[in-house]
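Working notes for the structure below.
The values are calculated or read from the model by the stated rules, or taken from the named source; none is laboratory data. Just so it is clear, the structure is predicted and the values come from calculations on it, not from any experiment. Every residue, glycine as well, gets a Cβ built from its backbone with ideal geometry; the counts of neighbours run over all protein chains shown. SASA here: full protein model, heavy atoms, side chains in, ligands and nucleic acids out. Shrake-Rupley method; radii C 1.70, N 1.55, O 1.52, S 1.80 Å.
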Amino acid sequence: MDRRGFLKAGGAASAMALSPWPGRLAFAGQTADGFTVLRATGGSAPLLGNQGGPTPLWAYNGQTPGPEIRAQRGETVKVRLVNELDQPTTIHWHGIRIDNAMDGVPDLTQEAVPPGASFDYEFTVPDAGTFWYHTHNRSWEQMARGLYGPLIVDGDAEDVEHDLTLIVDDWRLGPDGAIDAASFGNMMDWSHAGRLGNWVTVNGRDSPRFDLAAGTVTRLRLINTANARIFTLAIDGLEMQLAGLDGQVFDETVVLDTPLTLSPAQRADVIVTPAVPGSHALMAADRGEQVAVAQFDVSGMADAPCAYAVLKPNGLPEPDLGSALTVELLMEGGAMGMMGSAMMGGGGPGMGRGMGPGSGGGMMGGGGPGMGRGQGGGPDLGMMDMRELVGNGMAWAMNGVAGMPDKPLFAAKRGQSVRLTMINETRWPHAMHLHGHHFRVLTRDGKPEPMTPWRDTVTLDPMQRAEIALLADNPGRWLLHCHMVEHMAAGMMTWFEVN
């Protein structure tokens, strides 16, 4: 299996249809004090289907993806993480407008949970939608080994007959079908596109099949959990109606006339309503080539016209652009980039072209909040050229600083609006993720965005500029980083503060 091996022409699908999820947790309380337990431990999954044996992985409760956690909007979620790995770990609840102390970022919101220890996460879910959870310590390794799962929050009386969660991931496997562990930390990956796999799964399975009924409205919750791969997805022969992105649904669905693009960490809610029996493939594309990664088998006949799916937006408060704090973030570095040098482990306010107050400082070796090779800061190494940066595990910089800065990109008062311009002066795309907040994309390269849904992750193409707006209404210290997690580990991360 080579790097492009996932574009296999005819991998055999599983003979039987799968249930929507291999395991689901409801919050009825599974311990005496009302916590549901997630154990980060070893496990395995039949990633290769009938083309090989089970692949050893790291998993939550022995399965990957981890159990689907389902809650009702406004409910309190209580999860006890028990670490049975030989590395520290945490859980980040991706896309949830969460209490800062529960965000799961080592050295920023909590200490990493050491082997043999546990940590209690307790938070309220304010929004209905499609979210997920994943490790946030050594993400470039722990996510690639399988430490993630879906978090689904149901709204009030949503008119959808069936609900199906589909997690799409790529894995880098060796000839024996095991995780290619020798390539973890490869600077070629870290300075280029990130760790791209050679095998694609849906819900941890090779080419699974799912049963649908003709005339039935189905909500597909698509989640991209890959380390770095941007997936382009379409369903052969079925109309896809886009109902929401990143956990926030629209006022009205939008019929997709082109394939759906999902960068790492992004989610999409898609409505499909097959009218007649048949089989339809979920297609994934890479550089123009397409491969079927899952199959939908439609049975029965519709007795009446298909019902319309009604989903209710969460009603997030809008930012006030007229009084917004203006901030600029310059992204540099990577292979074939134009960055000559950057500050590592030092610097002061205003490095690079940052407009936010107090940009500067840094941590050595990707130590930052558990994202890089180490677990803490290092000596003040000052300005380095690109060769020196790479020698220290860095390849990217934001506002002239490689790695986690000591001071925030910006500090905002609670309730203050922020207008953030991100400039990608690299040769690679970046999926930029803000913790604890959602935002609207206003412009790309100075042109108004034709559709401005709420997002928590936005993709900037090479040499592209994007302007976003958010209401900084969630107090705490929040991470902002590229979700191509190798880019994050190699320097592309910063943070902002709301107080």
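Report, by chain and number, residues whose modeled amide H sits under 5 Å from the one on G244, excluding near sequence neighbours (fewer than 5 apart, same chain).
Amide H neighbours of G244, under 5 Å, 5+ apart: F250, D269.
Ignoring ligands, DNA and RNA, what percent of the 1.4 Å accessible area of the range 429-481 is carbon and sulfur? Could you put the intermediate results ahead of the total?
Details: 900 of 1690 Å².
Reported share for carbon and sulfur atoms: 53 percent.
Under the rule a/c < 1.5 gives rounded, and otherwise a/b versus b/c splits prolate from oblate, where does the range 56-183 land using the Cα gyration tensor? List each step's numbers first, then the result.
Details: a/c = 2.39, a/b = 1.31, b/c = 1.83.
It is oblate, given that a/c is not under 1.5 and a/b is not larger than b/c.
Apply the a/c threshold of 1.5 to the C-alpha gyration tensor of the range 48-113 and tell me whether it is rounded, prolate or oblate.
Details: a/c = 2.74, a/b = 1.53, b/c = 1.79.
Because a/c hits 1.5 or more and a/b fails to exceed b/c, the range 48-113 counts as oblate.
Return the sequence-ordered ³J(HN,Hα) values of the range 464-481 in whole Hz as given by the Karplus equation 6.51 cos²θ - 1.76 cosθ + 1.60 applied to θ = phi - 60°, using x for Gly and Pro.
For the range 464-481, the Karplus-derived couplings read 9, 10, 9, 10, 10, 9, 9, 9, 7, 10, 10, x, x, 9, 10, 7, 10, 7 Hz, x marking Gly and Pro.
Could you list which residues have their amide H under 5 Å from that of N314, counting only those 5 or more apart in sequence or on another chain, with H placed in the peptide plane?
Amide H neighbours of N314: V249.
Determine, for each peptide in 461-471, 59-69, the mean count of other beta carbons within 10 angstrom over its residues, then list the peptides with the highest first. Numbers along the way, then the final one.
Values: 461-471: 18.5, 59-69: 23.2.
Highest mean packing first, the order is 59-69, 461-471.
Under 1.5 on a/c is rounded, so check that first for the range 219-279, then, if it is not, pick prolate when a/b is larger than b/c and oblate when it is not; a ≥ b ≥ c are the square roots of the alpha carbon gyration tensor eigenvalues. Display every interim value, and only then the final one.
Values: a/c = 2.16, a/b = 1.38, b/c = 1.57.
Oblate, since a/c reaches 1.5 and b/c is not below a/b.
Carbon and sulfur together cover what percent of the accessible area of the range 183-307 at a 1.4 Å probe radius?
Values: 2040 of 4120 Å².
Summing carbon and sulfur atoms, their accessible area is 50 percent of the total for the range 183-307.
If we count every other residue with Cβ under 13 angstrom of D120's Cβ, Lys/Arg +1 and Asp/Glu -1, where does the sum land?
Values: positive: K78, R80; negative: D33, D99, E122.
That sum, taken over residues with Cβ under 13 Å, equals -1.
Quick one: what are the phi-derived ³J(HN,Hα) couplings along the range 223-237, Karplus 6.51/-1.76/1.60 with θ = phi - 60°, whole Hz, x for glycine and proline?
10, 9, 9, 5, 4, 8, 6, 8, 9, 10, 10, 8, 10, 5, x
Using a 10 Å cut-off on Cβ atoms, rank the peptides 428-434, 311-317 from the highest mean neighbour count down.
Per-residue mean Cβ counts within 10 Å order the peptides as 428-434, 311-317.
Percent of accessible area on the range 82-157 owned by carbon and sulfur, 1.4 Å probe?
The value for the range 82-157 is 45 percent carbon and sulfur by accessible area.
Per residue, how many Å² of accessible area does the range 382-466 show with a 1.4 Å probe? Walk me through the numbers on the way to the answer.
Numbers: 3160 Å² over 85 residues.
Here the per-residue accessible area is 37 Å².
Rounded to the nearest whole Å², what accessible area per residue is found for the range 110-225 with the 1.4 Å probe?
Details: 3060 Å² over 116 residues.
Accessible surface, normalised per residue, equals 26 Å².
Hey, can you grab everything whose amide H is under 5 Å from the amide H of H483? Only 5+ residues off in sequence or another chain; H modelled, so Pro and N-termini drop out.
A431, M432, H433
Per residue, how large is the accessible surface of the range 49-105? Use a 1.4 angstrom probe and give square angstrom.
Values: 1750 Å² over 57 residues.
Spelled out: the 1.4 Å probe surface of the range 49-105, per residue, equals 31 Å².
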